[in-house]
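S.K.: I am attaching a structure below and will ask some questions about it afterwards.
The values are calculated or read from the model by the stated rules, or taken from the named source; none is laboratory data. As the structure is a computational prediction, the values presented were derived from the model and not from experiment. Every residue, glycine as well, gets a Cβ built from its backbone with ideal geometry; the counts of neighbours run over all protein chains shown.
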């Protein structure tokens, strides 16, 4: 897995939270300190989060990058080491 895939999974995770009503684009904007239209464009794939924005969201949601990895992927990674 590379950084691009992590980023895609992170965005997919956020989109699902917005779709389910757990988060709003406005709420994400407040967390990151950027505008709601910017968040909208990130979720649509037209813009990207900065590292600081992504870290802030991860911290606010109490997520770790490992949370974005499926258990079977972790097992495969451990087997290869």
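S.K.: Could you tell me whether region 13-24 includes any residue that is without any contact (Cβ under 8 Å) to a residue 40 or more places away in the chain, under 13 Å from the mean Cα position of the chain (by Cα) and not in a helix (DSSP H, G or I)?
M.R.: yes
S.K.: Hey, another quick one. Among the candidates 54, 48, single out the residue that is modelled with pLDDT under 95 and outside any helix (DSSP H, G or I).
M.R.: 48
S.K.: Starting from region 57-69, keep only residues that are on the phi > 0 side of the Ramachandran plot and modelled with pLDDT of 90 or more, then list their pairs with residues that are surrounded by 12 or more Cβ atoms within 10 Å (Cβ to Cβ) and in a helix (DSSP H, G or I) whose Cβ atoms are within a distance under 7 Å, requiring at least 6 positions of separation or different chains.
M.R.: none
S.K.: Could you please let me know if residue 39 is surrounded by 12 or more Cβ atoms within 10 Å (Cβ to Cβ), at pLDDT 90 or above, part of a helix (DSSP H, G or I) and out of contact with any strand residue (DSSP E or B) (no Cβ under 6 Å at 6 or more places or on another chain)?
M.R.: Criteria met by residue 39.
S.K.: Another question about this same structure. Tell me, which residue of region 1-12 that is without any contact (Cβ under 8 Å) to a residue 40 or more places away in the chain and either within 15 Å of residue 61 (Cα to Cα) or part of a helix (DSSP H, G or I) (or both) is nearest to the chain's Cα centre (by Cα)?
M.R.: So, considering only residues that are without any contact (Cβ under 8 Å) to a residue 40 or more places away in the chain and either within 15 Å of residue 61 (Cα to Cα) or part of a helix (DSSP H, G or I) (or both), the one nearest to the chain's Cα centre (by Cα) is 11.
S.K.: A follow-up question, please. When region 42-56 is examined, which residues are found to be in contact (Cβ under 8 Å) with a residue 12 or more places away in the chain and surrounded by 11 or more Cβ atoms within 10 Å (Cβ to Cβ)?
M.R.: 42, 43, 48, 49, 53, 54, 56, listed by residue number.
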